[in-house]
Amino acid sequence: MSWIFLVLLYGLLKGAREIAKKKAMDTNSVMEVLVAYTVISLVLVIPSAKEAVGIDFHFLPAVAFKSFCMFLAWICSFYALKKLPVSLYGILSLSRVLFGSLLGVLLLHETLNLYGIFGLIFVCTGLLMLKFKPKKKGKSVDLQDDDDVPRVVPLVNDLNEKSSRVVPPAARAKEKPLALFVVIAFISCIMNSISGFMDKILMKDISSSELQFWYMLFIVLYYTIYVLIKREKISISVVKNKWVWILAVMFVIGDKSLFIANANPESKITMMTLIKQSACIVTIIGGRFIFKEKGIGYKLLCASIVILGIVLGVIK
């Protein structure tokens, strides 16, 4: 059962990464932080390059595909977050839990016992409650995407003000249909789930060091291409941002733990998907003690429901 603790470690570090991302973005932009900590992470795993070059090169296309899925998931979620309402995106992002479980059941023939089914229900309920937390007028709410960047979304002070806002016909014509961004959000969720599925498949034949090095290398290449095409500006000052270095260390340790867990024949995607949601516990605690957020009691209630779902999910 050691794989459970490894996935739990990944989930907790994942939550801590969201806090570190937000702190890092006090100084640098989203793209600067993402590119910088990814490159530093690659540098940190270079010592394993000697072992990684021994990989059977027949597996490289699959690793490149896994990396592209994660890269595409981030790009899609970024654009979807900018256009979709908070509540709608919350439901869509939650679907990755369902996609992950579905892939495990259909493609790997994993089974969900009664405890697992109830665990999935409780986890989804707790996450939904977090997404639909009652909001006070005039405040801002922190929207966190599971694999992506925390964003601050302004709330409308007055519903009548929102409904009375007049959008010029020319502006409406330029707006892309909402349905398009719903599709983009779903693509992000599907890509995240496929990446997790690929981890399980690849770890049957290659080592965690091999997967981590080549995965990081491909991710950096994709980011480099994206930055060049979009002509994004990356300031060298980001290297001095201590939170970026903390992010990189947590990223390397977390992914290493997850890859090792996937190599364990007893591990299941359906269970790992539930355990990963432990990230929300860290973000809730961090929000209270680091960012001084209010409403911690309600959030802890939601976290308790998620924890109960995780515990039910791992019961045999």
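Side notes on the structure shown:
- Cα centroid of the stretch 248-266 to Cα centroid of the stretch 35-72, whole Å: 14
- Karplus-based coupling profile of the stretch 207-223, in residue order and whole Hz: 7, 5, 5, 5, 5, 5, 5, 6, 4, 5, 5, 5, 4, 4, 5, 5, 4, with θ = phi - 60° in 6.51 cos²θ - 1.76 cosθ + 1.60 and x standing for Gly or Pro.
- Under Karplus coefficients 6.51, -1.76 and 1.60, residue-wise ³J(HN,Hα) of the stretch 251-257 in Hz, glycine/proline x: 5, 5, 5, x, 5, 4, 4
- Kirkwood hydrodynamic radius of the stretch 261-316, from inverse mean 1/r over distinct Cα pairs, in Å: 12.5
- Contact order, relative form, for the stretch 210-316: 23 percent (alpha carbon pairs under 8 Å, 6 or more residues apart, mean separation divided by residue count).
- The Kirkwood radius of the stretch 213-307, taken over pairs of alpha-carbon atoms, gives through the Stokes-Einstein law at 4 °C and 1.567 mPa s a diffusion coefficient of 77 µm² s⁻¹.
- The largest accessible area among 276, 230 belongs to the first residue in 230, 276, and the rest follow in falling order (1.4 Å probe, all chains).
The values are calculated or read from the model by the stated rules, or taken from the named source; none is laboratory data. Remember, it's a predicted structure, so these values are computed and weren't measured experimentally. What goes into the accessible areas is simple: the full protein's heavy atoms, side chains included, and nothing from ligands, DNA or RNA. Shrake-Rupley method; radii C 1.70, N 1.55, O 1.52, S 1.80 Å.
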